[in-house]
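For reference, the structure discussed in these notes is given below.
The values are calculated or read from the model by the stated rules, or taken from the named source; none is laboratory data. None of these values were measured; they are calculated from a predicted model. Every residue, glycine as well, gets a Cβ built from its backbone with ideal geometry; the counts of neighbours run over all protein chains shown.
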Amino acid sequence: MPSDEKDQRLNRALAAYLRQEIQAPALAIADFLDILSEETRRLGLSDISSDVERMQAAAGKLNAFVAAVVAGQGLAAEDDHDFNRRLRHDLRTPLNAVIGYSEMLIEDLEGAGDQGLRDDLLKLKQAADQLLGQIDAMVALSHADEAPIAQEDNFAAQFAAHAGIVAQVLRTVQPLQAGASHLIDRQSRILVVDDNAANRDVLERRLTREGHAIVTAADGAQGLKLATEGDFDLVLLDLIMPEISGFEVLTRLKSDERTAHIPVIVISALDELDSVVRCIEAGAEDYLPKPFDPILLRTRINSSLEKKWLRDREKKFVADLEAEKKKSETLLLNILPSSIVARMREGELKIADRVAESTILFCDLAGFTVLSGTMPAEGVLDFLGRIFTVFDALAAEAGVEKIKTIGDAYMAAAGIPEPQPDHAERIVRLAPRMMRAVQDVAAETGLKLNARIGIHTGPIVAGVIGTHKFAYDVWGDSVNTASRMESHSVTGRIHLTEATRQALGGRFPLEPRGTIEVKGKGPMETYFLLEE
């Protein structure tokens with residue numbers, strides 16, 4: 001950038017900075033006076049209220065002139081001595097009134113006990129004194145080119161400090177390079193809703209050149225229809241439109257879950273504060289007054305799109321996390337009972353339950369060991385997978401918990417992890433269905449295969465074992481006894497103990513087998529289940 005352009009940019013920035021500096025204390029003066037007015041009325045201090053009202057009138061004149069200064073009036077012309085005269089006179093006159101009245105009131109309140117009011121008056125005077133300093137800084141800025149300012153001058157030092165601050169900011173915020181491309185790296189679909197055809201055409205042509213795909217709507221009704229039917233990244237919305245206003249379009253878009261996620265930038269000639277605030281409160285991403293600056297419009301659009309893309313990525317990330325969470329949950333529920341999973345989520349580290357009474361079932365595929373030696377590995381897995389998948393479905397239907405498979409044996413239990421008064425009945429109803437399932441598969445495949453089933457009822461310990469590969473398992477003498485009933489059974493029969501017979505209460509037909517010698521248990525009275 002040429003040096004004269006840099007100087008002009010620095011001068012404009014310095015003027016803007018100093019205008020801002022005088023606005024802050026002027027607004028603070030008005031705010032402090034509002035507080036003082038409320039307090040004096042609340043406390044009934046009529047003698048003070050009249051002085052506060054006079055200060056408020058002076059503050060009104062003060063802020064009116066400050067507003068003109070902030071708008072840049074008079075600062076554009078070089079060596080504008082008339083403006084400097086007005087700057088000193090029009091600001092100092094009301095300021096002197098504020099300072100004078102505040103000093104008198106501070107003296108009046110000395111020792112009166114109204115420390116809160118006195119503190120506010122001191123802050124008010126401090127803001128007024130600050131503003132006086134800013135006035136001289138503004139004048140010093142306007143005369144900066146006439147002659148060097150003495151270093152001992154406080155205002156000169158203040159001006160030098162301002163210049164340093166502003167120059168540093170300008171070095172950090174470099175201007176856009178001429179001819180730089182403004183095309184975005186991805187195409188976005190933008191809906192332009194404006195009842196003015198010229199405005200629509202200008203926006204469409206400008207944004208199309210910058211790489212966006214533009215759809216236009218001539219009124220609010222068409223805009224709402226297009227927004228709900230299409231997939232848009234951004235809506236540019238005019239506020240003043242017949243029939244359905246832009247504000248109503250905005251509220252409808254934000255209340256509809258199909259369009260609530262679309263950012264909306266309101267572009268309107270209506271720039272009064274209430275309209276801006278209401279639109280932002282209603283969900284608008286931004287508000288841009290007409291006539292808009294093209295560079296500012298581009299910046300606002302790109303900023304809104306960038307935020308939407310980030311939100312879209314965040315939503316996708318959350319959705320992916322939820323999907324992975326569901327997969328993990330499904331996998332965990334395939335390993336552990338749902339009530340056990342819930343207990344682990346609540347922070348229970350060691351899950352071990354002593355169950356007073358449960359019924360255990362073991363089912364072994366008789367003859368499968370010999371058959372597996374004649375089958376390919378894939379055939380063995382396919383056959384076992386087919387049988388055990390049917391067993392899993394039957395167990396779930398009966399409300400029975402599958403414990404595990406051990407080779408070609410299948411183990412299940414009822415009454416765990418939640419108590420079930422009819423645990424023995426559930427197992428005894430499940431066993432014949434498992435037996436028939438094996439026989440059906442054998443008939444379909446032509447394999448000579450059958451099953452043996454053993455059942456016992458008694459106390460067990462149930463819990464989760466392992467830290468790397470979780471497993472819900474059961475232990476105790478009842479488990480061993482049920483396993484013995486299976487190994488001492490007869491092919492194609494369901495073998496159960498006296499304890500199970502008693503738990504059934506005579507509700508199922510049984511065939512007494514008599515007393516048999518059971519390995520590790522000694523003589524036991526056992527029974528075969530008959531078809532109902």
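Within region 492-532, the residues that satisfy the criterion of being hydroxyl-bearing (Ser, Thr, Tyr) and either at pLDDT 95 or above or under 19 Å from residue 363 (Cα atoms) (or both) are 497, 500, 526, 527.
If you go through region 290-346 and pick out every residue that is within 18 Å of residue 236 (Cβ to Cβ) and either basic (Lys, Arg) or in contact with a helix residue (DSSP H, G or I) (Cβ under 7 Å, 6 or more places away or on another chain) (or both), you end up with 6.
Just one of the listed residues (332, 371) is modelled with pLDDT under 85, over 25 Å from residue 504 (Cβ atoms) and outside the structural domain of residue 421 (by TED's automatic domain parsing), namely 332.
Residue-wise test of (1) surrounded by 19 or more Cβ atoms within 10 Å (Cβ to Cβ); (2) at positive phi; (3) free of Cβ contacts under 8 Å to residues at least 60 places away in the same chain.
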{"residue": "439", "(1), (2), (3)": "no, no, yes"}
{"residue": "445", "(1), (2), (3)": "no, no, no"}
{"residue": "448", "(1), (2), (3)": "no, no, no"}
{"residue": "453", "(1), (2), (3)": "yes, no, no"}
{"residue": "469", "(1), (2), (3)": "no, no, yes"}
{"residue": "487", "(1), (2), (3)": "no, no, no"}
{"residue": "509", "(1), (2), (3)": "no, no, yes"}
{"residue": "512", "(1), (2), (3)": "no, no, yes"}
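Within region 268-277, not a single residue is in the same structural domain as residue 206 (by TED's automatic domain parsing), of a type in the set (D, E, K, R) and within 24 Å of residue 211 (Cβ to Cβ). Consider region 458-492 and keep the residues that are out of contact with any Phe, Trp or Tyr (no Cβ under 9 Å at 6 or more places or on another chain) and of a type in the set (Asp, Glu). The one that is farthest from residue 415 (Cα to Cα) is 477.
Let's see how each residue does on (1) modelled with pLDDT of 85 or more; (2) under 24 Å from residue 206 (Cα atoms):
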site: 261; (1), (2): yes, no
site: 274; (1), (2): no, no
site: 292; (1), (2): no, yes
site: 303; (1), (2): yes, yes
